[in-house]
Amino acid sequence: MSSTGNQPSASNQRGLWAAIIFSILIFGYFLFWVLRLFPTLINDEYAALDFVYRSITTGQFTPPPHRFYKPYSLVFGLLAFAGGPLAYEIVAVLFAAGLVLVFYLCARQRLSTGFALLAAAMLGFAPDFFDGTVRAITIIPGMFFILLAVYYGNQMRERPGAWKRYSLFAFLGGFVRPETWLLAFPLTWWLFPKNLKQAARWIAAPAIIALSAVIWFGKDWFLSHDVMYSLKVSQYDKMIGAGAPFGLGRSFYWFHPFLGPKFGVPFEIMCIMGFILYTWDKRKGLLRDPMFLTPVMLFLFLVISIWRGLYPQMRFFFPVSVFLIFFLAWLEERAFKFLKSRRLSLPAWALVAVLSCGYFWWAGLRLNGVELKALKRESALQKQTVDLAQYFRPLLKTGKYRVMISNRRDDQFSWLLRDLPMQDYFYFREAHYFTQFEGKNFLSFEPDWIVWVPDDYHKQDVNDMFLWLSYQDRTELAGRLIALEKTVGDYRIFRVSRLGQAPDSGH
């Protein structure tokens, strides 16, 4: 690895070709796992496929409650007619391969070719990156556009016209993830007008990005007649997922349990050290540096979002973790240069080798022990959901029923039965929340069917509350008979009827 940041053009070209080849290999790597594990599509995106398919085939816009759709998801929801979930996952793989390449380009603007390639490799084999890609989570294309904008943002001092591409890619990213809207704010001081001629650019640049937010909220109004619908859905998800609300301090706390296991605590500390060192090194131009401003904005946005109504999940922390990988590489390069400048070449190379091997060892351990294990279970459960839908198909042809099911498991179920009327779903998390905090018995919601799988999108206390469904086949409760009718893999299907009423008499 070179210890200099300014290298000959030939070296840059070799590094670029190496990054392109690596991104192609990453594409093949992820595609292999997508095909091997399919289906593992996350349930938000099943909902988008289902909604687009039903809307086009029936002409009725009937989004289910407590779901909101990103414009990106609605556009790619057209894949419901050409490849469905598998096509959606392959699109995610394309974005993931592109993300690795763009990350290298951003890192190369601050690091030597060798360390930029090392950073790209660290990202390529990051456990949460693997999980997000194989599940086709929208944070992957969202981060692709964010990094493209950052790449051109890094050029704006030398090439003022780069603001056009910065704004364009931030605009496109704004269709995928609301975090991208933050990229409009730095433009208000980066492009502050020095004369009247520059005023139009100053207004237009952030307005281009903000237009994606206008379209996003306009979509909410069009589908739900409420411009704040997405925010209300997020708040509802947090309410039933987290139970009692928590304050700002705990919102900061969530970064450790999500990022610590991903990196390992020693590397988590080194990432933070790298950020501090980068901040010190770049302190004179910090407020014009997208590699500093963007992760800080993403961090603060996530903290405030969790505090005000976002249920914390691993995928929301991915954008911050991408930048932390860059700061880890920055720390390694600085240590490498420090030792090399004192003619300690062997210790310099040994340090880089040990730290890099340690990172990849931990990433592999984490991936195999957590993410891949969870994905294999998810794949098995989604395959069982196909059989579950086939069992229910003749039962649900006659009308609409109230189905109690795991939170978000209903989306794949509904997609598989997209030619039938959409059913009315209720979740175990909702039942737990209203029982614990509202004193409302879950049977008061009048379920016709209960579809139970232990440890499926449940908090531990939710799982404990309904664990009796794992072993009791017949239960009389509050004037109802809850009787096991069928098991499909891990699913246990219960019919709920009033005592004295025939189980098959309908609702």
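The values are calculated or read from the model by the stated rules, or taken from the named source; none is laboratory data. Everything numeric in this text was worked out from a predicted model, so none of it was measured. Cβ sites come from the backbone with ideal geometry, for glycine too, and all protein chains shown count toward neighbours.
If you go through segment 69-80 and keep only what is assigned to a helix (DSSP H, G or I) and in contact with a Phe, Trp or Tyr (Cβ under 7 Å, 6 or more places away or on another chain), you end up with 71, 72, 76, 77, 79, 80. Restricting segment 29-68 to residues that are among the hydroxyl-bearing types (Ser, Thr, Tyr) and part of a helix (DSSP H, G or I) leaves a set whose member that is farthest from residue 426 (Cα to Cα) is 29. The set of residues in segment 446-497 being in a strand (DSSP E or B), hydrophobic (A, V, I, L, M, F, W, C) and more than 32 Å from the chain's Cα centre (by Cα) consists of 477, 481, 482, 483, 484, 494, 496.
Candidates in segment 187-225 are the residues that are at pLDDT 85 or above and part of a loop (DSSP other than H, G, I, E, B); of these, the one that is surrounded by the most Cβ atoms within 10 Å (Cβ to Cβ) is 191. Looking only at segment 287-301, decide whether some residue is under 18 Å from residue 151 (Cβ atoms) and among the hydroxyl-bearing types (Ser, Thr, Tyr). Yes: segment 287-301 contains one or more residues that are under 18 Å from residue 151 (Cβ atoms) and among the hydroxyl-bearing types (Ser, Thr, Tyr). Of all residues in segment 69-81, none are modelled with pLDDT of 95 or more, crowded, with 16+ Cβ neighbours inside 10 Å, among the hydrophobic types (A, V, I, L, M, F, W, C) and closer than 30 Å to residue 424 by Cα.
All of 145, 129 fail the test of being of a type outside the set (A, V, I, L, M) and more than 26 Å from residue 358 (Cβ to Cβ), apart from 145.
Evaluated against (1) in contact with a Pro (Cβ under 9 Å, 6 or more places away or on another chain); (2) under 23 Å from residue 47 (Cα atoms); (3) surrounded by fewer than 19 Cβ atoms within 10 Å (Cβ to Cβ); (4) among the hydroxyl-bearing types (Ser, Thr, Tyr), residue 497 falls short on exactly one condition, (2). Contact annotation: residue pairs with Cβ atoms under 7 Å, 6 or more positions apart or on different chains, pairing a residue in segment 151-163 that is closer than 17 Å to residue 284 by Cβ with a partner that is part of a loop (DSSP other than H, G, I, E, B), are 154/109.
Applying the criterion of being in contact (Cβ under 8 Å) with a residue 40 or more places away in the chain and surrounded by 13 or more Cβ atoms within 10 Å (Cβ to Cβ) to the residues of segment 273-288, the residue that is nearest to the chain's Cα centre (by Cα) is 275.
Taking the options 145, 130, name whichever one is within 22 Å of residue 268 (Cβ to Cβ), of a type outside the set (Ser, Thr, Tyr) and part of a helix (DSSP H, G or I). So the residue among 145, 130 that is within 22 Å of residue 268 (Cβ to Cβ), of a type outside the set (Ser, Thr, Tyr) and part of a helix (DSSP H, G or I) is 130. Scoring residue 157 on the criteria (1) in a helix (DSSP H, G or I); (2) at pLDDT below 95 leaves a single failure, condition (1).
Consider residue 434 carefully, then state whether it is assigned to a helix (DSSP H, G or I) and in contact with a Lys or Arg (Cβ under 8 Å, 6 or more places away or on another chain). So residue 434 passes the test.
Here is the figure for segment 243-256: residues that are surrounded by 12 or more Cβ atoms within 10 Å (Cβ to Cβ) and either in contact with an Asp or Glu (Cβ under 6 Å, 6 or more places away or on another chain) or modelled with pLDDT of 80 or more (or both) total 5. Residues of segment 438-453 being more than 16 Å from residue 413 (Cα to Cα) and not acidic (Asp, Glu), which ones? 439, 440, 441, 442, 443, 444, 445, 447, listed by residue number.
Out of segment 297-334, which residues are at pLDDT 95 or above and of a type in the set (Gly, Ala, Ser)? Correct list: 321, 329. Per the listing 307, 221, 216, the residue uniquely over 30 Å from residue 157 (Cα atoms) and in contact with a Leu (Cβ under 8 Å, 6 or more places away or on another chain) is 307. Being crowded, with 20+ Cβ neighbours inside 10 Å, touching a Phe, Trp or Tyr at 6+ places or on another chain (Cβ under 6 Å), part of a helix (DSSP H, G or I) and hydrophobic (A, V, I, L, M, F, W, C), is that true of even one residue in segment 403-421? The answer is yes, given that some residue of segment 403-421 is crowded, with 20+ Cβ neighbours inside 10 Å, touching a Phe, Trp or Tyr at 6+ places or on another chain (Cβ under 6 Å), part of a helix (DSSP H, G or I) and hydrophobic (A, V, I, L, M, F, W, C).
Here residue 441 meets the list (1) surrounded by fewer than 21 Cβ atoms within 10 Å (Cβ to Cβ); (2) within 29 Å of residue 39 (Cβ to Cβ) almost entirely, failing just condition (2). Residues in segment 339-348: is at least one among the hydroxyl-bearing types (Ser, Thr, Tyr) and surrounded by fewer than 18 Cβ atoms within 10 Å (Cβ to Cβ)? So far as segment 339-348 goes, yes, one or more of its residues are among the hydroxyl-bearing types (Ser, Thr, Tyr) and surrounded by fewer than 18 Cβ atoms within 10 Å (Cβ to Cβ).
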